[in-house]
Amino acid sequence: MKSEPSAHRPRPHWRHFAVNIISPAILTFALFSGLIFAVIIPTMKKNIIERKKEMIRELTQAAWSELAGLHEQEKQGALPRAAAQQAAIARIQTMRYGDDGKDYFWISDMQTRMVMHPYRAELNGQSLLDYSDPSGKKLFVEHTKVVREKGDGYVEYLWQWKDDEKRVVPKLSYVKGFTPWGWIVGTGIYLEDVRAEISQMIRRVLQISVGISAIIAALLAYISTQGLNLERRRWRAETALRESEEKYRLLVEGTTEGVLLVLQDRPVYANKTLLSRLGYAEEELAQLPLEKIIESVANGGLAAPAAERRAKLTLKSGEVSDVLLASAPVTIGDKAGLVLTIKDVAARKKTEETLARLVADLQSMLPLATRSIKSSPLTLATCALDTPIHKAAAAMARAKSSAILVHSPAGEPIGIVTDEDLRNRVLAAGLPATQPIANIMSAPLVRIEDRALLFEAARVMQERKVQHLVVTDERGATRGILTGTEVLHAQRHAIGALLGEIQEAQSPEELRDSRAKLPVFVKALLESGARVESVTRIMTTVSDAILVRLVALAEAELGPPPAAFSFVVLGSEAREEQTLATDQDNAIIYADVPADQNEAVQTYFLRLGEKVCRWLDLVGYRRCKGEVMASNRKWCQPLSQWRQYFSECVTAAKPQDLLDVNVFFDFRCAHGEADFVRQLREHLHHLLDGEGKNTFFFHLAQSTLQFKAPRGFFGNIQLESSGERPAAFNVKAATIPLVNFARMYALQNRFAETNTIERLRRLREQGLLLPSSHDELAQAYTALMQMRLTHQAAQIGRGVEPDNFIDLQELTQLEHSVLKKIFADITVFQARLETDFARTA
């Protein structure tokens, strides 16, 4: 069957999804919004206005009742009309209502004269026939007309705002006639008050509606997301079904093992590998009985269980060869059969022997790869500069050391004399043994920290062509001398051999082939129980060696550098925490040169950086998406410019500056002048002692706290999805808060260490971190890195490009629990960081 063109492969039914899921969701939301604005809000407006109208009608009725009560006294003879009317005017004039007590009543008569107005006394007793509002409406004439025709009613007009004569606003009044006296009593509401109440009501409705809409939107989004996921899964299932036969055929045809399909004891299909081995055409093979091709020599025959067994394969030429046979039952239609997998015994045996040698080599390498110099025997013999050679040799003999350190008058070791120097420079040259030792010593000393691994010491000895290293502790104090005999066998182990390959490589392609072996070593180290920090340091050492070799190859093409320089690595490589999925972060710092030479010097180093970065990409280290590489002019600068970068960063403390610090504080010299890096770090520490340090740390903490543990609202593990990749746990994102925590406190306390575990150890030793807190952080970081490396090694084993996204189904229940505990710890430690840095400037 021919594979289908990609154009005919199934696509997700997005139109179906949009019609059945998205459209109803949008329609529901639109109907709800339409109901709010077209029905609910207009109805509420109408109800508010009706309620206000009813209120002023009832208030006017109350005032009218006052008039009726006094008229009743008039009828009974208790009061004359004039007195009753004066009492009525007095009462109505003082009646007020409303929130501020300024809403009032007035009285006019049927001849349209003002009887009483509490705020417009100048109108009292005046004819109002010609009185009109600013719009020209004769409002009092309208009052009289409404009363004469209906007895009472509503009139809308413009009037002054309560007691403010300068402000005129719309007003709605209710008027009612009092027939016995020929009066009209009325009151009104200002429509601005009504509009304000309506606006307040609309705001409340909108707030409630927004809340309800948010809930509806969330529900619709959840339903849509679930529907989209179902649609994607359905599409993937269809695609998988459509492509399964094509993939199976490609797999069968591409395998180096023979595959034979047998139905009812007759061969019906064989892949190209088997046909080529047998020498038959496909049509010829279909005519042969199975026993003419394969004879099983193991118990149970071909129908035995699927475990591999030995068999005889008869070729067309008549030659018989030994093979390993595995079978699996199949049913096609109503026919039962077998799928036979046929492997050549000789080839299998050779493969097993190769794997066995590799495993043995790796196993013999493990003790060396994970053993630090601290656990190795060191010797220490010292003497002064003026010590006679024969006395120095005697001191070496007493200390059973093959070398002696020569110290300055201040007691600082400045040179070394080895037994080889005594042979070549004294005995062979006939030099008197009474001469001072200073005449034959070698300088400067080659030093290495005692935390380094033995294989790293072997690499240094090989690179510097020496047999003795001066071992120092973390503070630079001399601990002793490590001799070549302790690490000589390292060069015969797998990692040592790999580093030897790298140093001898003549092209980037050879380095790519050497680097391709690294995942095998990593997998073996992890399975053997090696410490994660040892594994990452081994990987970083390999990366450093590749970088150094690429720089040498680039210099061979470009010529010698015009100035001293340091090729600096940043980020995870600088922290010695590289994994199998990593990209480049590097820069070049070169010595300051006269201004007229800078352009030419920078051009050389930019060409060097471009070559090295391009080759690193070829070898397997992806280019940095943010262009933080030595090929970028911004990051290929003289030492003075780098000082300026850090000065601007610390003093300005802009967001991008702080991002640069997060990247560039983890920096380390991988090749060249290490002193440039030392000077730059000292400059940074000096800046952080300045007046603006509190503000700088405040802003840096705010930037750092943006990276949270991937923990959901209910404590579940948050997943990330991208493109066609299903949602997965980003293990790299989980480590960032831990790295940031260690970096922040290392920066505050001026630590030179860049490795996260080393930084945490220094914090514990300085009393800045409780032992229990140190253990929690270190164990959390180690567990996450273990998951990350194991996941990446497994991906490479499956032929998949390594990444940092773990399917939660790959993790055990215990690992799930560990992750949740780690995320809870991260939250606690970030709260401490916020307290220490982010709440005070």
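Listed values, structure above:
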item	result
The chain: angle of helix 41-75 to the longest principal axis, Cα-based, in degrees nearest 10	30 degrees
Listed residue (Gln126, Gly177, Phe140) projecting farthest to the positive dipole end of region 119-178, Cβ model	Gly177
Positive-pole candidate from Asn755, Ile36, Cys669, dipole of the chain, charges at beta carbon	Ile36
Summed residue charge, Cβ within 15 Å of Ala399's Cβ, Lys/Arg positive, Asp/Glu negative	+3
Length released on extending from Gln644 to Asp675, taking residue separation times 0.36 nm less the Cα-Cα span	9.4 nm
Residues Phe29 and Ala497, FRET efficiency given R0 of 56 Å [Cβ-Cβ distance, rounded to 0.05]	0.25
Cβ-placed point charges (K, R +1; D, E -1), dipole of region 400-554 about Cα centre in debye, nearest 20	100 debye
Longest site-free stretch - the chain; sites: chymotrypsin sites (Phe, Trp or Tyr not before Pro), DSSP loop, at most 11 other Cβ within 10 Å	1-712
Structure-based [θ]222 nm, the chain - -39500 (n - 2.57) summed over DSSP H runs of at least 4, per residue, nearest 500	-16500 deg cm²/dmol
Binned Cα-Cα distance frequencies in the chain - 20 Å width, integer %	11, 26, 23, 17, 12, 8, 3, 0
Positive dipole terminus of region 500-544, leading residue within Ala530, Ile502, Leu518 (C-beta point charges)	Ala530
Assigned charges on the beta-carbon of Lys, Arg, Asp, Glu; the chain dipole about Cα centre (debye)	1500 debye
Candidate lysines - alpha carbon under 25 Å from Lys75, same-chain residues fewer than 8 apart omitted	Lys176
Nearby aspartates and glutamates by direct alpha-carbon distance to Lys391 (threshold 20 angstrom, same-chain neighbours under 8 apart not counted)	Glu412, Asp419, Glu420, Asp421
Dipole in debye (nearest 20) - region 91-229, about Cα centre, beta carbon charges: Lys, Arg +1; Asp, Glu -1	140 debye
Gain upon complete extension [Gln813, Glu192; 0.36 nm per residue less C-alpha separation]	217.0 nm
DSSP-assigned coil residues among GluC sites (Glu not before Pro) in region 94-189, each with at most 14 further Cβ atoms within 10 Å	none
Part-to-part distance (alpha-carbon centres) for region 502-518 and region 385-461, which is given in Å	36 Å
Cβ-defined net charge surrounding Met114, 13 Å radius [Lys, Arg +1; Asp, Glu -1]	-1
Neighbourhood net charge (10 Å Cβ-Cβ; Lys/Arg +1, Asp/Glu -1) for Ala670	-1
Residue list for region 793-807, given a label point 7 angstrom along the Cα-to-Cβ vector of Ser721 and an amide N cut-off under 19 Å	804-807
Sequence-distant lysines (8 or more away, or on other chains) whose Cα lies within less than 22 Å of Lys46	Lys171
Percent of C-alpha pairs per 5 Å bin, region 382-489, short to long	2, 13, 23, 24, 19, 12, 6, 2, 0
Sequence of Leu498, Leu770 from largest to smallest accessible area, 1.4 Å probe	Leu770, Leu498
Of all DSSP beta bridges in the chain, antiparallel share, percent nearest 5	90 percent
Set Lys374/Lys465; Lys523/Lys732; Lys523/Lys708; Lys523/Lys611; Lys625/Lys732; Lys625/Lys693 screened for pairs whose C-alpha atoms are more than 26 Å apart	Lys523/Lys708; Lys523/Lys611; Lys625/Lys693
Helix axis angle, 595-619 relative to the chain longest principal axis, alpha carbon, degrees	80 degrees
Cα-based helix-to-principal-axis angle, 655-664 vs the chain, degrees rounded to 10	20 degrees
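The values are calculated or read from the model by the stated rules, or taken from the named source; none is laboratory data. Predicted model, so just to flag it, every value in this text is computed and none were measured. Don't worry about glycine lacking a Cβ; one is built from the backbone with ideal geometry, like all the others, and counts go over all protein chains shown. These accessible areas exclude ligands, DNA and RNA; they are computed on the full protein's heavy atoms, side chains included. Shrake-Rupley method; radii C 1.70, N 1.55, O 1.52, S 1.80 Å.
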